[in-house]
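The values are calculated or read from the model by the stated rules, or taken from the named source; none is laboratory data. Every value quoted in this text rests on a predicted model; they were computed, and no experiment measured them. Methodologically, a virtual Cβ is constructed for each residue, glycine included, from the backbone with ideal geometry; neighbour enumeration extends over all protein chains shown.
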Amino acid sequence: MILLDRVTKTYGRTATALDRISLHVEPKEFVIVVGQSGAGKTTLLKLLTREEKPTSGKIIVGGVDYDKLKDKDIPILRRKIGTVFQDFKLLPNKTVFENVAFALEIVGMGNGEIKHTVPRVLDIVNLKKKEKNMPRELSGGERQRVAIARAIARQPKILIADEPTGNLDPEHAWEVVKVLEKINRFGTTVLLTTHNQEIVNKLKRRVVTIRDGKITSDRAHAEYSLK
């Protein structure tokens, strides 16, 4: 569950990135966040992952009250939240298997469990046959699916996908979106930001619109024009 109650984020004295926004996302929901560049979408995501702190308001994610969150517990929080970005952030000198395994190694998972977990996760994103490939040998869509596999390897309750199709052609973009839907069906809450109007309208999911730091629309099963 994600709860933001009258959250404001300002930078300096005059720049307001978010202005008293309130948002409630149920467990296992799939929510699309839309808005023009500079609307506040990225700030919202940074607040959820605790890269930024709100200036005012309350944030609760997965039962964790961010007002009471200690700095030493932030890494534990982030294990519950998988993140996927537009630019993949893969390690170029590691294979597909090794890229996903690395996310598990840094949290102390043993080799036996890693060998069991990685193939299962790659199967979810339809890349089991590519585990020995290097990132440079993959299409953009395949690389993004590796990034998704890495993000879900630790079985997060929430997956944040920030413009994951921004650099992809329509075919590969839709492959990535279908993987996100599949992950959502397994019970993971998905928060997707996108500029892709076709994807928004095809998915017919809940759409939250941010404009000038405020939520201006929150509609279920919505179609939307991003103009």
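Quick rundown of the values:
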{"quantity": "Strands (runs of 3 or more DSSP E) lying entirely in region 1-118 (those with 3 or more residues that are of a type in the set (D, E, K, R))", "calculated": "2-11"}
{"quantity": "Test: residue in region 133-145 that is assigned to a helix (DSSP H, G or I), surrounded by 21 or more Cβ atoms within 10 Å (Cβ to Cβ) and in contact (Cβ under 8 Å) with a residue 60 or more places away in the chain", "calculated": "yes"}
{"quantity": "Test: residue in region 182-191 that is in contact (Cβ under 8 Å) with a residue 60 or more places away in the chain, within 15 Å of the chain's Cα centre (by Cα) and assigned to a loop (DSSP other than H, G, I, E, B)", "calculated": "yes"}
{"quantity": "Count of residues meeting criterion [surrounded by fewer than 16 Cβ atoms within 10 Å (Cβ to Cβ) and under 22 Å from the mean Cα position of the chain (by Cα)] in region 20-32", "calculated": "5"}
{"quantity": "Residue list for region 75-97, restricted to those being surrounded by fewer than 16 Cβ atoms within 10 Å (Cβ to Cβ) and either free of Cβ contacts under 8 Å to residues at least 24 places away in the same chain or farther than 17 Å from M1 by Cα (or both)", "calculated": "P75, I76, D87, K89, L91, P92, N93, K94"}
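For (1) outside the structural domain of S37 (by TED's automatic domain parsing); (2) farther than 26 Å from L47 by Cβ, each residue gets a yes or a no:
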residue	(1), (2)
G112	yes, yes
T165	no, no
D169	no, yes
V179	no, no
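Conditions (1) farther than 12 Å from V34 by Cβ; (2) surrounded by 14 or more Cβ atoms within 10 Å (Cβ to Cβ); (3) among the polar types (S, T, N, Q), marked per residue:
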{"position": "W174", "(1), (2), (3)": "yes, yes, no"}
{"position": "F186", "(1), (2), (3)": "yes, no, no"}
{"position": "V200", "(1), (2), (3)": "no, yes, no"}
{"position": "V207", "(1), (2), (3)": "no, yes, no"}
{"position": "I210", "(1), (2), (3)": "no, yes, no"}
{"position": "G213", "(1), (2), (3)": "yes, yes, no"}
